[in-house]
Amino acid sequence: MLQNIKNVLIGLTSEFGPSEVSSAWAYGLSMAKQAGAHATIQSASIKLRLHSTWMADNVAGLAGAENRRLHTVAVAAAQKAEVNAKAEGIECTTAVPHLTYQELLTLFVRLARVHDLTIVDADADILSLDRGLIETLLTQSGRPLIIVPKNHEAFKCERIILAWDGSAKAVRAANDALSLLRDAEVVQVLSVTGEKELPDLTKSADMVTHLAYHGVPAVSVCLPGVRGDVAETIRTAAKNGRADMIVMGGFVHSRLREMVLGGVTQSLLRQSPIPLFMSY
C-alpha cells in the first residue's frame with residue numbers, strides 16, 4: 001500500500017488551542033502509518049521583526065513577548081505530535097522553526113524538495129499572506145502537495161476524483177498521485193464542460209487507458225458546469241460520489257510580475273469538502 005511514499009513533510013503554521021487539532025498533523029500521521037513512511041513535522045511560528053527604530057523603542061517588549069508566546073505554542077504542538085506518532089509506532093522527527101515569514105517559505109520549499117509530498121492545513125489566513133505558503137510550495141518545490149480541510153483527520157483514498165482538462169499540469173498531478181490511485185477502489189477522471197473548450201490534447205478516455213496499464217480502476221466522467229462554475233461542479237461531484245480526495249493540477253497566473261493562483265485552484269483551496277492533492 002502506498003509503495004512509493006517513504007517520507008512526508010507535515011507543515012503546521014497555524015495556532016491551535018488546547019481543544020483544537022491540526023487536520024494536516026492528524027491526516028499526515030495517518031498517511032505515514034498506512035504507508036510505513038517517515039513523518040517530518042515542522043511546527044513553525046512566524047517571528048515578528050520591527051524595522052522602524054521608533055517602533056522598536058516603543059513596542060520591542062510587546063513584540064518579544066508575542067514571539068515567545070508563538071514559539072511556546074509551536075513547541076507544545078510539536079511535542080504533542082511526537083507523542084502521538086510514537087504511540088502509533090510512526091517514525092517521526094520534529095522541529096520548531098521560529099523565523100520570519102520569508103525565511104519560513106524558504107525552509108519549507110527546501111524541505112519539500114526532499115520529501116515525497118507535503119501536507120498542510122487549508123487555512124484562509126495562510127492563503128492571504130504575501131505570495132502564500134501554499135502557492136510557494138506548489139510552484140517552487142517540484143513536489144506534490146496535499147491541502148487538508150478541517151475535520152479530515154484520517155487519511156483515505158478509496159474513492160478519488162481526478163480533475164481533468166487535458167493539460168500538462170493535470171497529467172503531472174495524475175502521475176504524481178499514482179501510488180494513491182493504485183490503492184483506490186474507484187477513480188473518476190472528471191472533465192467539466194461549458195466553462196471553456198478543453199484542449200484537444202490528452203482526452204480523458206486516453207488517460208483512463210494509461211491508468212489501466214498501471215492497475216488503476218479508472219472511469220471517464222464528463223459533467224456540464226454547474227452555473228458555469230468548474231470548481232463548484234467538482235465540489236458537487238465529490239460530495240455526491242462520497243470521494244475521499246480530489247487530485248488536480250494547480251494553476252497560477254502572472255499578474256504584475258506576481259504569481260496568483262488561478263480561479264478554479266483558488267476556489268477549491270478556499271472551499272473544498274475533502275483533501276486536495278495538487279501538483280504544478
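Any read-out appearing in this document is the output of simple, stated calculations on the displayed coordinates, not a laboratory observation. These numbers were taken from a predicted model, which means no experiment stands behind them. Methodologically, a virtual Cβ is constructed for each residue, glycine included, from the backbone with ideal geometry; neighbour enumeration extends over all protein chains shown.
Some points to look at:
- Residues Cys222, Cys157 arranged by fewest to most Cβ contacts within 10 Å: Cys222, Cys157
- For the stretch 158-167, 3J(HN,Hα) per residue [Karplus equation, 6.51 cos²θ - 1.76 cosθ + 1.60, θ = phi - 60°, Hz, x = Gly/Pro]: 6, 10, 10, 9, 9, 5, 10, 10, x, 7
- Local charge for His38 was computed over the other residues whose Cβ lies under 9 Å away, with Lys and Arg +1 and Asp and Glu -1, and equals 0.
- At full extension, Val83 and Glu158 could sit 24.2 nm farther apart than now, given 0.36 nm per residue minus the alpha carbon distance.
- Counting other Cβ atoms within 10 Å as a rough exposure proxy, the listed residues Tyr27, Tyr213, Tyr101 run Tyr213, Tyr101, Tyr27 from fewest neighbours to most.
- Spin-label pair Asn175/Lys150, simplified geometry with 7 Å Cα→Cβ offset, distance in nm: 3.8
- Approximate spin-label separation Val219-Val186, in nm, with each point projected 7 Å along Cα-to-Cβ: 0.7
- Efficiency of FRET from Cβ geometry, Asn67 and Thr93, R₀ 22 Å, rounded to 0.05: 0.40
- Residues whose amide H comes within less than 5 Å of that of Thr94, counting only those at least five positions distant or on another chain, are Ile41 (H built at 1.01 Å from N in the peptide plane).
- The distance between label points at Leu107 and Arg49 comes to 1.3 nm (points 7 Å beyond Cα on the Cα→Cβ vector).
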